[in-house]
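Encoded as structure tokens, the structure appears first; notes follow it.
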Amino acid sequence: MAARSTSPLKRRAKRRSTLGFTWRDVALKITVTEDCWSPGQTQLELSVVKPKGAPVPITSTGYRCHYLPAELLAANGGPIAFFSDWLDREARTKAWQQAEFRWRQGDLFGRPRR
């Protein structure tokens, strides 16, 4: 029987957790995967939970994936603070304010007139 060779780099188990928070009446879910590509590298996935199809200023699809070092994430207050600050910053743009207004009012202008 052949001996199994072991890699000199021991693979670390990825730790995954899920967090939820609400931003401007939109329920969001964050999935955090620690050590995703290498030790100290974190993957964050943001998804719109409710209401379905609700716009958020950092994604047009309701899903956003972002990678960053764990130290930077910690320095920004963790996943919820990181995304909240990012959303608030992007929500100050004129384009986002118009998009949010259209979504909350219902986009009647996008339908053809009869």
For Ala27, the residues 5 or more places away or on another chain with a placed amide H closer than 5 Å to its own amide H are Val49, Lys50
Each residue of the stretch 24-35 in turn: what ³J(HN,Hα) in whole Hz from Karplus with 6.51, -1.76, 1.60 and θ = phi - 60°, glycine and Pro shown as x?
6, 6, 10, 7, 10, 10, 10, 9, 10, 10, 7, 6
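Please give me the summed charge of the neighbours of Val26: other residues whose Cβ is under 12 Å from its Cβ, Lys and Arg +1, Asp and Glu -1.
Numbers: positive: Arg24, Lys29, Lys50, Lys52, Arg104; negative: Asp25, Glu100.
Around Val26, the surrounding residues sum to +3.
We did not get these values from a lab; they are worked out from the coordinates using the rules stated. Keep in mind the model is a prediction, meaning the values are calculated, not measured. A quick note on method: Cβ atoms are made from the backbone with ideal geometry, for glycine too, and the neighbour counts reach across all protein chains shown.
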